[in-house]
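Worksheet: one structure, shown below.
The values are calculated or read from the model by the stated rules, or taken from the named source; none is laboratory data. Remember, predicted model here, so these are calculated numbers, not experimental data. Cβ atoms come from the backbone with ideal geometry, glycine included; neighbour counts cover every protein chain shown. Side chains included, ligands, DNA and RNA excluded: accessible areas come from the protein's heavy atoms. Shrake-Rupley method; radii C 1.70, N 1.55, O 1.52, S 1.80 Å.
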Amino acid sequence: MSKKLSLAVLLSGNGTNFQAIIDSIENGRLKAAIKIVISNNKDAFGLNRAKKHNIKNLCLNHKDFKNRKSYDQKLKELINQESVDFIILAGFMRILGSEFVKNFPNKIINIHPSLLPKYPGLNTHKKVIKNKDKEHGVTVHLVDEGLDSGPIIGYIKIKVNDNEKENDLINKIHKIEHFIYPEILSELQEGKISIVDNKIIIDDVYHKDGKEYFI
Ligand code: GAR
């Protein structure tokens with residue numbers, strides 16, 4: 001794909017990953033346009049980031065819907081109006097229902113702060129410390145109906161030092177997230193990565209378990 005990518009970004013919080021994507025677009029590395037940003041949380045700071053950069057944004061609060069299906073239906077309508085290439089989850093803390101996921105095959109991408117399939121869900125850093133893991137990392141993956149699951153596109157590992165504090169890990173993880181997410185999007189735009197039938201092809205090689213990236 002050599003044309004500019006059109007993206008929708010879904011987020012629930014601070015939006016530092018969203019900011020890293022904006023920065024990569026602004027510095028010319030990532031050739032993309034963010035068509036819409038949607039948050040399920042009206043107080044998400046990510047919405048302020050969108051406003052600051054004149055990106056269309058709105059809050060779609062799940063509490064205003066009677067169930068997941070009706071929420072996902074509205075989300076689908078809003079995204080379909082933008083006809084995007086990819087739906088980027090950047091700290092979007094909701095599971096997407098199977099109908100929604102089936103509607104956008106090969107198109108929904110998530111970043112998660114662990115070496116998936118280890119530690120889906122919350123508190124990944126705490127779990128790493130509690131289990132005295134020697135390594136930790138981030139994973140970028142295609143989204144399926146599960147929690148933080150789906151074919152892995154890429155990941156970065158970091159070493160965990162003895163007595164490492166949660167805050168140190170959070171900072172290290174954010175740093176690598178802010179590198180790998182724009183990098184993978186750029187490689188998708190350049191055609192270096194392609195996604196066919198839920199399979200990840202990087203430089204013409206099928207990566208069953210994703211590709212390791214280095215910062
Ligand atoms: C990031 O660490 C991202 O990996 C995580 O939420 C954080 C959002 O930070 N996502 C998940 O845990 C998905 N299950 P941000 O709002 O500063 O980008």
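Table for the structure above
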{"quantity": "Percentage relative contact order, the chain, counting C-alpha pairs under 8 Å, at least six apart", "calculated": "21 percent"}
{"quantity": "Per DSSP, loop trypsin sites (Lys or Arg not before Pro) in the range 1-54 with at most 11 further Cβ within 10 Å", "calculated": "Lys3, Lys42"}
{"quantity": "Estimated inter-spin distance, Tyr206 and Asn163, nm [label 7 Å along Cα→Cβ]", "calculated": "4.9 nm"}
{"quantity": "Global geometry of the range 121-215, whether rounded, prolate or oblate, following the gyration tensor of its Cα atoms and the 1.5 cut on a/c", "calculated": "prolate"}
{"quantity": "Cross-link partners of Lys172 among aspartates and glutamates (Cα-Cα below 14 Å; sequence separation of 8 or more within a chain)", "calculated": "Glu135, Glu164"}
{"quantity": "DSSP beta bridges in the chain [antiparallel fraction, %, rounded to 5]", "calculated": "45 percent"}
{"quantity": "Shape category assigned to the range 78-142 from the gyration tensor of Cα positions, a/c cut at 1.5", "calculated": "prolate"}
{"quantity": "Prolate/oblate/rounded call for the range 12-171, Cα gyration tensor, a/c under 1.5 rounded", "calculated": "prolate"}
{"quantity": "Coil-residue chymotrypsin sites (Phe, Trp or Tyr not before Pro) of the range 141-215, DSSP, other Cβ within 10 Å capped at 15", "calculated": "Phe214"}
{"quantity": "Sites Lys127 and Ile215, calculated FRET efficiency, Cβ-Cβ separation with R0 30 Å, nearest 0.05", "calculated": "0.85"}
{"quantity": "Solvent-accessible area, 1.4 Å probe, carbon plus sulfur percent, for the range 12-94", "calculated": "48 percent"}
{"quantity": "Rounded accessible area per residue of the range 1-129, 1.4 Å, Å²", "calculated": "49 Å²"}
{"quantity": "Entries in Lys42/Lys118; Lys4/Lys157; Lys102/Lys199 that, when Cα-Cα distance is taken, lie over 19 Å", "calculated": "Lys42/Lys118; Lys4/Lys157"}
{"quantity": "Of all accessible heavy-atom area on the range 104-215, the percent that carbon and sulfur account for (1.4 Å)", "calculated": "53 percent"}
